[in-house]
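Input: a single structure, listed below in structure tokens.
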Amino acid sequence: MIGVENPEQQDSATGLIPPIIQLDSLTFSWAAGREPLLDIESLDIQAGEKLFIEGPSGSGKSTLLNLLAGVLVPQQGEVRILEQGMTTTCSADRDRFRADHIGVIFQMFNLIPYLSIAENVTLPCRFSARKLNKTNERSGGPSQEASRLLSALNLADPELLRRPVTELSVGQQQRVAAARALIGAPDIVIADEPTSSLDAGHREAFIKLLFQECEQAGTTLVFVSHDGSLARFFDRSLALQTINRTRQPFEDMGVSAP
Ligand code: ADP
Ligand code: MG
């Protein structure tokens, strides 16, 4: 069982606040014995940072996000999230840790079709007492916090909220998915190409709303996309290929060679 009471605790020896996510000498391969897909010497992400990671389709962005969220563990090296090493933690504890500390916006949103919009948004509070308690502190409960988040994300229309999630537009589904990731003020929100099906105007508006909520909750944002034009909105941007030292051929990554 792992627990983090005060994620911003200073290191008593150095007086510095340690990074919220740290990758150290990481290699990851989907198939044993093959050249790794990812070979990253180090990556530190600071608490409260909004980090953009760019890379072409098939370059390993989603795989990297799964490592940053403790869904996958590397074959070599370490991933530390809130100073907890993931490689020595069993998968059930990593799942619990993720439920408490991380919110994820999936590329395809992964909304549950048989649940209402509000139920989709409050779902993480059923798996995490920590997130549930935070909604109590912030708004008086999960339903109230879901309403607050949906209206902050411009989805307040009661008529709209009665519709099944399957009848929402892509932009509306994406904001429901964002509200679900943000509920319970997680330490980290991970966003996997959440704007890929939006036009430029909606893309920018969505990013601004996401930033507002992350800033208010002190949430660290890690956002990946193949669209480098989004980098200008973020505190810091990285091209995956500049930190990934793999020698795996480009065409093996599922993209046609340029
Ligand atoms: P991106 O998100 O940048 O498009 P991915 O991380 O999804 O890239 O995929 C990178 C490579 O890893 C691709 O070659 C893909 O086929 C492979 N890959 C992704 N998921 C799996 C999996 N579950 N099993 C085996 N290979 C995978
Ligand atoms: Mg992907």
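No value in this document is a laboratory result; all are computed from the given coordinates. Just so it is clear, the structure is predicted and the values come from calculations on it, not from any experiment. Because the Cβ atoms are built from the backbone with ideal geometry, glycine has one as well, and the counts that use them run over all protein chains shown.
General remarks:
- Remark: spin-label model distance residue 160-residue 202 equals 1.1 nm, labels positioned 7 Å along the Cα→Cβ axis.
- Spin-label model, residue 115/residue 151: points 7 Å from Cα along the beta carbon direction are separated by 2.3 nm.
- Integer Hz, Karplus 6.51/-1.76/1.60 couplings in order for segment 172-178, x for Gly and Pro: 5, 4, 5, 6, 5, 5, 5
- Built amide H within the under 5 Å cut-off of residue 115, gap 5+: none
- Of all DSSP-defined beta bridges confined to the chain, some 45% are antiparallel rather than parallel.
- Residues whose placed amide H lies under 5 Å from that of residue 20, excluding near-sequence neighbours: 45, 46, 47
- Exposed chymotrypsin sites (Phe, Trp or Tyr not before Pro) absent: longest stretch of the chain, with sites in DSSP loops and at most 14 other Cβ within 10 Å deemed exposed: 115-258
- Amide H contacts under 5 Å for residue 103: 188, 189, 190, restricted to partners 5 or more places along the chain or on a different chain, H placed in the peptide plane at 1.01 Å from N.
- Loop-located GluC sites (Glu not before Pro) in segment 87-173, at most 14 other Cβ atoms within 10 Å (DSSP): none
- Candidate cross-link partners of residue 61 among the lysines, defined by an alpha-carbon separation under 25 Å and a same-chain spacing of 8 or more, comprise 50, 208.
- Gyration tensor verdict on segment 21-247 (Cα atoms; rounded if a/c is under 1.5, prolate if a/b is larger than b/c, oblate otherwise): prolate
- Net charge of the neighbourhood of residue 24, taken over other residues with C-beta under 15 Å away and scored Lys/Arg +1, Asp/Glu -1, is -3.
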